[in-house]
1. Where in segment 22-126 are the helices (runs of 4 or more DSSP H), entirely inside, with at least 2 residues that are among the hydroxyl-bearing types (Ser, Thr, Tyr) and under 14 Å from the mean Cα position of the chain (by Cα)?
2. Checking the structure you have, find out if any residue of segment 196-207 is closer than 23 Å to LEU126 by Cβ, surrounded by fewer than 18 Cβ atoms within 10 Å (Cβ to Cβ) and at pLDDT 90 or above.
3. Can you tell me which of ASP169, ASP186 is loosely packed, with under 14 Cβ neighbours inside 10 Å and either closer than 24 Å to TYR145 by Cβ or of a type in the set (D, E, K, R) (or both)?
4. Do you know which of the residues in segment 42-58 that are out of contact with any helix residue (DSSP H, G or I) (no Cβ under 6 Å at 6 or more places or on another chain) and surrounded by 15 or more Cβ atoms within 10 Å (Cβ to Cβ) is nearest to ILE94 (Cα to Cα)?
5. From the list SER177, SER146, SER193, which one is of a type in the set (Ser, Thr, Tyr), within 29 Å of PRO218 (Cα to Cα), in contact with a Phe, Trp or Tyr (Cβ under 7 Å, 6 or more places away or on another chain) and assigned to a helix (DSSP H, G or I)?
6. Taking MET210 and the conditions (1) in a helix (DSSP H, G or I); (2) at positive phi, which numbered condition does it fall short on, given that it satisfies the others?
7. Can you tell me which residue among LEU109, LEU157, LEU142 is surrounded by 19 or more Cβ atoms within 10 Å (Cβ to Cβ), free of Cβ contacts under 8 Å to residues at least 24 places away in the same chain and at negative phi?
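The values are calculated or read from the model by the stated rules, or taken from the named source; none is laboratory data. Nothing here was measured: the structure is a model prediction, and the numbers come from that model. Note that we place each Cβ from the backbone using ideal geometry, even for glycine, and neighbour counts take in every protein chain shown.
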Amino acid sequence: MNNMKRINLIVVALGAVGLLAVSTGVSGCSNKVPAESLAKRAHFNYWAGNWSTAQEQYAQLVDRVPDNWKYQFHLGSSALNNNDLDIARSSLSIAETLEPQNDEIASELAETMYRQDDRDALFTFLVDRAESTQNSEDWLMLARYSLDLDDPDMARLAVQEALVLDVSDSAEPYIVSAQLSERVGDIDAALKSLKIAWTLEPDNEKVGTMIRNLGEVPGPTMLGSIEMGG
């Protein structure tokens, strides 16, 4: 009987050692997944909208290659969509430092600051960026957030800069200008901006809707004399 007990104990011990070895092997394999394979999985989950999984996988990639701006950006973007704002802010800030001219990174970093209600940091970031790039789109981004945060003076300044710098014949600066004028109750100025926007992009549904909401019918008959330039 003692011999049988001893044999059973040996079998149990060997089984435990075997399980430990398998567990260690699996863990080791997961840590040794090639970066290329891990990146493919992360990219798939990102584009599929599996934000938690994508965030976890990009975090592993960032641990391996912290100066890869794409990994940092996708980690931050996944975290933002996952409402993990601290991680989003940290990774997007790194990505923006590594790739400062990337508009998508800047947009998502600004949105993160906005959701964190960090107004001072948001305005500092947007003003510095707009003054640095002298790009119409960056001034418009500042204008939009200024409107959202009820700062019409900053919005007006940013719209004016955007209009001066815009070389694309886009309706967007005039749309934002109209939103600002409507916000402060100047309906005539809002309609003027929208009419210019309509001449630039007559098929723009947003412009048409805004014009109708202000009591006009989009079309050539509404134009009259319009002084281009807002």
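1. Result: 69-81, 85-98, 103-115.
2. Yes, there is a match, as at least one residue in segment 196-207 is closer than 23 Å to LEU126 by Cβ, surrounded by fewer than 18 Cβ atoms within 10 Å (Cβ to Cβ) and at pLDDT 90 or above.
3. Only one candidate passes the filter, namely ASP169.
4. My answer is GLU56.
5. SER193
6. Against the list (1) in a helix (DSSP H, G or I); (2) at positive phi, MET210 comes up short only on (2).
7. The unique qualifying residue is LEU142.
Quick grid of which residues meet (1) over 28 Å from GLU161 (Cα atoms); (2) of a type in the set (Phe, Trp, Tyr); (3) in contact with a Pro (Cβ under 8 Å, 6 or more places away or on another chain); (4) at pLDDT below 95:
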site	(1), (2), (3), (4)
VAL62	yes, no, no, no
GLY76	yes, no, no, no
ARG89	no, no, no, no
LEU92	no, no, no, no
GLU99	no, no, no, no
GLU108	no, no, no, no
MET113	no, no, no, no
ASP128	no, no, no, no
ASN135	no, no, no, yes
